[in-house]
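Note sheet for the following structure.
The values are calculated or read from the model by the stated rules, or taken from the named source; none is laboratory data. This structure is a prediction, so every number in the text was calculated from the model and none was measured. Reconstructed Cβ throughout: ideal geometry from the backbone, glycine too, with neighbour counts over all protein chains shown. Surface accessibility is based on the protein's heavy atoms, side chains included, excluding ligands, DNA and RNA. Shrake-Rupley method; radii C 1.70, N 1.55, O 1.52, S 1.80 Å.
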Amino acid sequence: MKKRNRYFKKTVTMLTAVAMAAAAMTGCGSTDGGGSEAGPSTDGSGAADSQEALGNQEAAGALDFGSVSDVVFPLPEKVTLDVFVYASNTGGGTMQDNYVTDWIEEQTNIHLNFVYDVDGDEAKTKLNLVMSDPSSMPDIFLATRWSKAETALYAEQGLLLQLDDYLADAKRWNELNEISPSRKGDLTLPDGHIYTYGADGESYHNNFQNRMWIYKPWVDLLNDGKMPETTEELYDFMVKVKTQDPNGNGLNDEVPMTGYIGGWSSDPTVWLINSFIQCNNPLSNTNPTIGAGLAVENGKITYSVMQDAYKDALVYIHRLYKEGLLDTQTFTQDSNQFATTLNEGDHLVALHAAGRNQADKANFDSGKDGDWINWTVLEPVAGPDGVRLAARDLNNYFGSALGILSANCRYPEIAIALFDFLASEEGTRVQSDGPKGFAWDYVTEGTSLGGGTATYKVTKIGDDFDWIGNGFAKEYEHVNWPSDVLIRTDHVAYRSEILVEDTEKNLEYILQKAAERYSVYAPDLDQIVPNIAFDTETAQKISEYSLTIGGYVNQATVQFITGDLDIEKEWDNYLNTLKNMGVEDYLNLYQAQYDNYMANLK
């Protein structure tokens, strides 16, 4: 299945004759087994003798596969592929002298020449320079941190290969899409084509990260051990905390519920609002939120923050705030003030919002027993109309714009087959952890993250690991690849098979179990706005609306809760302000691309 010529013809229309001549001269992918770390691999002189040219022709023939499924590793000839990687987790410079890179070459006969392994401003500068001089593009952009709009722009310019036809023959890629049905749609750009192999880093507990934690001893003392299950039961329990001195110090100093703005799901409003209406609109979060405040009803995009049920939620939360049940410092305190209230002096807090329990973290993180054991996650409570939802976040399969091929790539079938190889379970473990038998291995017993029998375990290799003594040919400074550049298998089912040594003190295990309890209350996936791709112009408008409209919504939400705005008097004005700010255009832009997204899934 030969698709290259079509893409190269498209590229020719975009590039100058000089650039194309230079690209042809460098060849990007080579079969000499070498490769420079200072720049794309070339022959150094710009001329090749007839014998070398003949050898290259023979090698090219041996590597001229009809489809991705025809590629078998190790290749019959050594291939060098030039790679750009934006490695923000390491600061750059760790990919070439790396066990994983050598292991890949041993397994596949592909030498990965990391011409750029950079981070931060340097990465952005280098990337812009490369894209402004197409002849300098490498074969592979392993990770660029491009947005979907940026990727679409370069694709429109003919600088990137459409991967659809290659991926159709990529066995592992298609298996991952079957396991995660929303994956393919997430990778499809507005033109209906795919330009990235994509990520697979699913995080089950982050799908349900807006959690509330409750202090069990006070539930036993004040509520006979019964957890609140409705908003009124929650209110009654908080009143008891406020008025019955459960810490026994003779002071009216208890804080029934607290949180703060700026932490990981530490904003309590999301958890509370979902007892009235489906709404994922955190006032802030360390994890980005897709389509904040938006939902899907029967195929139509709606804005939850304009619904009557949202107003009802704010009326309820204002009641908590006014009566001192919701900490009046919630919207003004920082993480240090929050931690002081939660952890220092007499015990004060009954409930706090956070992605993980923040109480007695020092003991938990050091593996010690402590008061942290007395906290548990509180499941969502039902509102007056029976709504009982957990805010649900989606997985991001686009990731750092992983696995892109430039229009210069001579061996796209081989490159895609390489991605498929990396996404195997063994490829995943070696990339993530290092050598089998030392950094990870298969097991047949022990408790897994998902609660079943584990199938593999991970053991961190220390800096003092004796590579030579353990039979390796050389010492390695870097044992694995950074997590933000991995092309891997890491869907929920596979991740859940990892061995957990101590289930009581393993944070991910605790969060996994919390997420399982919340998943019962999750809205259906077809009610959640997906991670939609927009063209450059629309993406700019969406960004502007998200800042202006979203900013106003968050400001008004806090003011309605605190009483600085009277919700009964000002609600209509709030809605009119949103209309005047262009909310209808905002929703129409989302609707149009949502319809396009859904059409591309068919």
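Below, the figures for the structure above:
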| read-out | value |
| --- | --- |
| Where labels lie 7 Å past Cα in the beta-carbon direction, separation of residue 229 and residue 157 in nm | 6.0 |
| Cα gyration tensor category, rounded, prolate or oblate, for the stretch 484-564 with a/c compared to 1.5 | oblate |
| The stretch 419-523, relative contact order in percent, only Cα pairs under 8 angstrom and at least six apart counted | 33 |
| Solvent-accessible surface (1.4 angstrom probe) belonging to residue 504, in square angstrom, nearest 10 | 130 |
| Percent antiparallel among DSSP beta bridges (both partners in the chain, rounded to 5) | 50 |
| Exceeding the 30 Å Cα-Cα cut-off - candidates 240/579; 513/602; 311/602; 148/457; 126/541; 216/569 | 240/579; 513/602; 311/602; 148/457; 216/569 |
| Over the stretch 304-358: Rg over Rh, Cα atoms, Kirkwood Rh | 1.05 |
| Residues with amide H under 5 Å from that of residue 376, placed H, sequence gap 5 or more | 214, 216 |
| Principal axis box of the stretch 149-194, alpha-carbon based, largest edge first, Å | 32, 19, 13 |
| Degrees separating the helix 50-62 axis from the principal Cα axis of the chain, which is the longest one | 50 |
| Residue 154 - accessible surface, heavy atoms, 1.4 Å probe, Å² rounded to 10 | 40 |
| Rg to Rh quotient for the stretch 67-129, alpha carbon positions, Kirkwood Rh | 1.07 |
| Intensity falloff of the chain expressed as log10 I(q)/I(0), Debye formula with alpha-carbon point scatterers, at q = 0.07, 0.08, 0.11 Å⁻¹ | -0.51, -0.66, -1.11 |
| Cα-based helix-to-principal-axis angle, 17-26 vs the chain, degrees rounded to 10 | 80 |
| Cα coordinate range in the stretch 165-277, projected on the principal axes (Å, largest first) | 72, 26, 25 |
| Whole-percent pair-distance distribution, where bins are 5 Å wide, for the alpha carbons of the stretch 344-436 | 2, 9, 10, 11, 9, 10, 11, 11, 9, 8, 6, 3, 1, 0 |
| √(5λ) per eigenvalue of the Cα gyration tensor, the stretch 207-342, largest first, Å | 28, 17, 13 |
| Whole-angstrom gap from the stretch 439-466 to the stretch 86-151, using each part's C-alpha centre | 29 |
| Cα-based helix-to-principal-axis angle, 567-580 vs the chain, degrees rounded to 10 | 20 |
| Calculated [θ] (222 nm, deg cm²/dmol) that DSSP helices of n ≥ 4 give over the chain, each run adding -39,500 (n - 2.57) | -11500 deg cm²/dmol |
| Coordinate range along principal axes, alpha carbons of the stretch 389-509, Å, largest first | 54, 52, 23 |
| Spread of Cα-to-Cα distances over 10 Å intervals beginning at zero, given as percent, for the stretch 233-288 | 22, 36, 29, 12, 0 |
